[in-house]
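Okay, so here's the structure we're looking at.
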């Protein structure tokens, strides 16, 4: 251990790092490795068959498609909300700012049943769509609505601090040089915000892919149509198909790790971009 | 938030000076653009945040206060409340100790593999809740690694309370550590080094020097950790087995009531969790405010 670190007068390094590594191994790493070791008992064709059945492929399409659409909506409206909260003054602003984090704090099951009640055919919002023949609850659109809700704070909270730290001199210079407001926004402000915006987008997307609680109530969960991949894992588990459930879990885990890598690269880019200005 | 924006929010500021007024003109938008943007943002937030929140309380009280009180005081609901409190009462302190230890090692010392360690701590955030539950089934379930051994000694972890506690611990691992690490890194270790040089031992240094410096960050992380611990659904759902009155947490109880078409009762129990969320947000805002106040005092 001692060779690993630089000298410090402070005590407790061995104890603190030792406990941290032991805890992480027992709680996180060993259980996670169980999924990979279990799956390695399958041959490659068995694994491939388990994760590419038509029902599974349909669940990927829904999970990734709805997550992507929700993250796009969150990127656009998250940027708008961050802009309005940083730049403008209006009554109730502090309350709005605090409530943006609601999807982080509200248990997903509560969000799920509330959104289902609202968007059902007789719900407060659903009743306006029913007459024009649009069903939201119990369809893939419902999945998109739930994923938009749970991903809402990510873009706001990543863009907001960058926007707050933006030097007014940049915009003044642009204006002095004859740029109009839209040009200043698209050529000066947006490039500075872009890494943070993309980080927020990636965080919202990553969260949406794994989301379960808020989706299962509103989705209707029809195989091939409105069944998300995490639900399919549970279905397989309930049918005692441990190998199938674990194989799907491994696919989800690999995608999670990839997203984590992408997010780390984006955050590094974001820090470099903002510190360069 | 910068200190500047805090003072403008806290004090009724006088009209900006003329040069500021000029600046505002060239780096701001016409009034109609401002109003349209504010209106669009608020409409979006109303539809996606405020209406769902209000609807929880509306649906909960739709059948009257008596039905509401009956739903949250019936034995299964009380058992669910107790289990949720128990799980949080174990998961939060355990992750608090872990968070402090991890932050102490990472923020106060230099060692190889540090950024990898930080990424590993964040890992549970990126794992789907369903997968988080599944991996514990693979370790402790009947078909799992330790399953036969546990069965021999008649120890139940999956479909029992220990599994629920473990799944809750897993999903809340990063909360306190990720608040403390950047905070303690920013604070440096000069104060602790001074204490040690003056003869304090490790624990004295921690409790008298470090803890007062990190108390708001620690509280902030604890609040968020607790909210997630009490509200977790997916991971707990996989390991719980849904035994009414015995292995049902509050969120799982909401699901059962909802699937039985007992909507008023489901929303009544859900409203307790929504209240928890509102209290969490209020505390979080308060801690952020105090934290900024402390930063301002430290600066001057």
>> Full-extension gain between residue B:69 and residue B:207, please, as 0.36 nm times their residue separation minus the C-alpha to C-alpha distance.
In response: 45.3 nm
>> Quick check on the exposure proxy: order A:235, A:199 from fewest to most C-beta atoms within 10 angstrom.
In response: A:235, A:199
> For labels at residue B:291 and residue B:242 in the simple 7 Å Cα→Cβ model, what's the distance in nm?
Replying inline: 3.8 nm
> For chain B, what is one quarter of the convex hull surface built on the Cα atoms, given in nm²?
Replying inline: 23.3 nm²
>> Taking 2.2 N^0.38 Å as the expected size of a compact globular protein, what ratio does the Cα radius of gyration of segment A:62-208 give against it, to two decimals?
In response: 1.22
>> Between residue A:72 and residue A:258, how high is the FRET efficiency from 1/(1 + (r/R0)^6) when r is the Cβ-Cβ distance and R₀ = 30 Å? Nearest 0.05.
In response: 0.95
>> Could you tell me the calculated FRET efficiency between residue A:194 and residue B:62, based on Cβ-Cβ distance and R0 = 41 angstrom, to the nearest 0.05?
In response: 0.35
>> At 222 nm, what value in deg cm²/dmol follows for chain A if DSSP H runs of at least 4 each add -39500 (n - 2.57) and the sum is divided by all its residues, to the nearest 500?
In response: -23500 deg cm²/dmol
> Looking only at other chains, what is the average number of their beta-carbon atoms within 10 angstrom of each beta-carbon in A:242-248?
Replying inline: 3
>> If the elastic network links every pair of Cα atoms under 10 Å, which of A:157, A:181, A:55 fluctuates the most in the Gaussian network model of chain A?
In response: A:181
> Quick one: which of B:89-99, B:59-69 comes out on top by average Cβ neighbours within 10 Å, and what's the full order, highest first?
Replying inline: B:89-99, B:59-69
> Taking chain B as a Gaussian network, where each spring joins two C-alpha atoms under 10 Å apart, which residue of B:267, B:109, B:170 fluctuates the most?
Replying inline: B:109
> Going by how many other Cβ atoms sit within 10 Å of their own, how do B:220, B:58 line up, fewest first?
Replying inline: B:58, B:220
>> Can you report the principal axis dimensions of chain A using only the alpha carbons, biggest first, rounded to whole angstrom?
In response: 72, 67, 34
>> I'd like the mean, over residues of B:171-180, of how many other protein chain beta carbons sit within 10 Å of each residue's own Cβ.
In response: 1
>> Need one value for B:221-230: mean number of C-beta atoms belonging to other chains within 10 Å of its residues' C-beta atoms.
In response: 1
> Quick one: if the Förster radius is 25 Å, what FRET efficiency do residue A:177 and residue B:29 give, using the C-beta to C-beta distance and rounding to 0.05?
Replying inline: 0.85
> For chain B, what does -39500 (n - 2.57) per DSSP helix run (n ≥ 4), summed and divided by total residues, give at 222 nm, in deg cm²/dmol to the nearest 500?
Replying inline: -24500 deg cm²/dmol
>> Take residue B:40 and residue B:122, extend 7 Å from each Cα along the Cα→Cβ direction, and tell me the distance between the two endpoints in nm.
In response: 3.0 nm
>> Quick check of the Kirkwood formula: for segment A:185-277, what is the inverse mean of 1/r over all pairs of different Cα atoms, in Å?
In response: 15.5 Å
> Gap in Å between the Cα centre of segment B:265-293 and the Cα centre of segment B:114-182?
Replying inline: 26 Å
>> Can you order the peptides B:36-43, B:148-155 by their average number of other Cβ atoms within 10 Å per residue, highest first?
In response: B:36-43, B:148-155
> In nm, to one decimal, how far is the modelled label at residue B:155 from the one at residue B:111, with both set 7 Å along Cα→Cβ?
Replying inline: 2.8 nm
>> Mean-square fluctuation check for chain A, GNM, Cα pairs under 10 Å: which of A:95, A:115, A:147 is largest?
In response: A:95
> Arranged by the count of other C-beta atoms within 10 angstrom, fewest first, what order do A:216, A:233, A:76 take?
Replying inline: A:76, A:216, A:233
> Over all directions, what mean area does the Cα convex hull of segment B:100-141 project, stated in square nanometres?
Replying inline: 4.0 nm²
> When N is the residue count of the protein assembly as shown, what does its C-alpha Rg come to as a fraction of 2.2 N^0.38 Å?
Replying inline: 1.01
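Each reported figure results from applying straightforward, stated rules to the coordinates on display, with no laboratory input. What you see is a predicted model; the values in this text were computed from it and never measured. Here Cβ is always computed from backbone atoms with ideal geometry, including for glycine, and neighbour counts include all displayed protein chains.
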